[in-house]
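The values are calculated or read from the model by the stated rules, or taken from the named source; none is laboratory data. Being a predicted model, the structure only gives us computed values, none of them experimental. Here Cβ is always computed from backbone atoms with ideal geometry, including for glycine, and neighbour counts include all displayed protein chains.
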Amino acid sequence: MSLFELPGARTQATVNGVSTQLTSPWGQSPGELSQALPLITDKLSLTDAPYLDGRININMAPQEVLMGLAGLQGMTPTIIEAIYGAQAHRMGTASGFEVDPERLNIGWLVIDGIVSNLNALKTLDPFVTGRGDVFHLQSVGYFEGGGPMARIEAIIDATQDPPQVIFLRDLTEMGRGFSASLLSQ
């Protein structure tokens with residue numbers, strides 16, 4: 001069972017004692033999918049689990065990690081290379097690792113023509129995501145005029161409330177690590 005079975009679905013049901021064919025309100029054309037998939041994936045779920053472990057974030061995963069999907073039915077190296085090449089930070093459409101809101105669910109793979117149909121998404125669905133809840137950061141504190149500075153690295157797990165710092169390391173001895181122009185943005 002997958003949420004990607006909902007667009008274009010039809011089923012028989014008894015409504016007010018009459019057998020009726022019900023049709024999904026969401027169509028399967030690219031235009032309809034671009035509107036429906038964000039709504040479906042953000043508002044509906046097949047589980048009541050607060051989070052799902054072990055999914056690959058297709059918007060940020062290195063190519064080597066994405067290649068692990070090659071064993072799935074229909075996932076060719078060409079498709080994997082297209083996913084990797086379409087990551088926003090590789091295309092220069094986002095600074096750092098920002099993700100376009102339209103790519104926060106995996107439906108963009110069909111909408112952008114990287115995978116051919118919703119059946120391919122159903123195969124991928126249990127293994128991938130368009131976003132995550134674990135964040136890696138470096139923070140630098142410094143004075144523009146010179147003087148002391150501090151730099152830390154942290155990993156924050158937001159799968160729980162409140163979020164927890166699960167890794168913290170002092171990088172001060174390694175210097176600022178970033179140019180002054182980058183830090184002043």
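For Leu109, indicate whether it is more than 15 Å from the chain's Cα centre (by Cα), assigned by TED's automatic domain parsing to the domain that holds Gly27, closer than 24 Å to Glu32 by Cβ and surrounded by 12 or more Cβ atoms within 10 Å (Cβ to Cβ). So Leu109 fails the test.
In region 142-178, of all residues being of a type in the set (Gly, Ala, Ser) and surrounded by 11 or more Cβ atoms within 10 Å (Cβ to Cβ), the one that is nearest to Asp48 (Cα to Cα) corresponds to Ala158. The set of residues from region 20-46 being in a loop (DSSP other than H, G, I, E, B) and more than 18 Å from the chain's Cα centre (by Cα) comprises Ser24, Pro25, Trp26, Gly27, Gln28, Ser29. Give just the number: which of (1) over 19 Å from the mean Cα position of the chain (by Cα); (2) closer than 25 Å to Asp53 by Cα; (3) of a type in the set (Val, Ile, Thr) does Val115 not satisfy? Among (1) over 19 Å from the mean Cα position of the chain (by Cα); (2) closer than 25 Å to Asp53 by Cα; (3) of a type in the set (Val, Ile, Thr), Val115 violates only (1). Answer with yes or no whether Arg55 is on the phi < 0 side of the Ramachandran plot, crowded, with 16+ Cβ neighbours inside 10 Å and of a type outside the set (S, T, N, Q). Yes, satisfied.
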